Amino acid sequence: MLAGGAARRLGGADKPGVRVGGRALLDRVLAACADARTTVVVADPRPTARPVSWAREDPPGGGPLAALGAGIRHTTADRLLVLSADLPFLRDTTARRLLDALTGSGADAALLTDPDGRDQPLVAAYRAAPLRRALTDLAAGHDGTLTGLPLRRLTPTLHLTRIADPVASFDCDTWDDIAAARARIREHGLVLEEWISAVKDELGIELDVDFRALLDVARDAAHGVARPAAPLTTFLVGYAAARAGGGPEAVAEASRRATALALRWAEENADPETPAAPAPGSTGGAG
């Protein structure tokens, strides 16, 4: 992951540390490749949401190809996911699509394209051997160094395949881009997913759950019992799921039971003259 650029269009700001949705851009990209066996960040070391290895081109600020060359010296993997650290909407699904496209095509690299169809060599999956050869050949023709070489020199000698993802390819080069990204995550259809992802990263949780089911629990508790019951019930659902071993199945079962209880409670309030249905597992008879 390349995170050591000068960010001139941001006035020299620490771009990887700029926050979108409460998370540094670098941490957002790290979340998209959390399954990587080795994660190397080419930049000066800094606190990150998860452990990484650090590398630096020599001299620092030598450009993206010099940074890429420095980074790949720290891994022996056959396939490499190469990412810039300014991609606020990159997801693990896109990372997997790139790797799947690389594996299925036999190409040297699978590149993401932006909405205008332009290749994004820093949102791509590469086979390590042809990438190393390309970098070696470029350095050999430039006094033995990659410093100062433009990124566009990398791909002409590689056999490429491409996938399109106009959202994941959005990068933040200017403050207007940052403002647009911050506005987008607060859109109605995205804000809950963004917030939950941020909370999971903050708490170190990797569990994938159906948050809509939890919202249903909260709604039923609020409507059928009392509004303050909503957050308390979802907390108890989480606690019960953890005691049951955790995992999506445990959360789903705890949610189902809490929802059923809230609905039974609401039925009693709706018509006090109608006997409530017996709870599951009870006999319903008199003692």
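The values are calculated or read from the model by the stated rules, or taken from the named source; none is laboratory data. No experiment lies behind these values; they were computed from the predicted model shown. Here the Cβ positions follow ideal geometry from the backbone for every residue, glycine too, while neighbour counts run over all protein chains shown. Surface accessibility is based on the protein's heavy atoms, side chains included, excluding ligands, DNA and RNA. Shrake-Rupley method; radii C 1.70, N 1.55, O 1.52, S 1.80 Å.
Annotations for the structure displayed:
- Estimated FRET transfer efficiency (Ala140, Asp100; beta-carbon r; R0 25 Å; 0.05): 0.15
- Theoretical gain in end-to-end length, Ala49 to His74 [0.36 nm per residue, Cα-Cα removed]: 7.0 nm
- Spacing of the two label points (7 Å from each Cα toward its C-beta) at Arg219 and Asp116, in nm: 4.2 nm
- Among beta bridges from DSSP that stay inside the chain, the antiparallel ones total about 55%.
- FRET efficiency for the pair Phe235 and Glu267, taken as 1/(1 + (r/R0)^6) with r the Cβ-Cβ distance and R0 = 41 Å, rounds to 0.95.
- Using the 1.4 Å probe convention, the accessible area of the chain works out to 56 Å² per residue with neighbouring protein chains retained.
- Here the peptides 168-174, 46-52 are ranked by packing, the mean other Cβ count within 10 Å, and the order with the highest first is 168-174, 46-52.
- The chain: relative contact order as a whole-number percent, Cα under 8 Å and 6+ apart: 16 percent
- Calculated mean residue ellipticity, 222 nm, the chain: -13000 deg cm²/dmol, from DSSP H runs (n ≥ 4) at -39500 (n - 2.57) each, averaged per residue and rounded to 500.
- C-alpha long axis of helix 191-203 to longest principal axis of the chain, angle in °: 80 degrees
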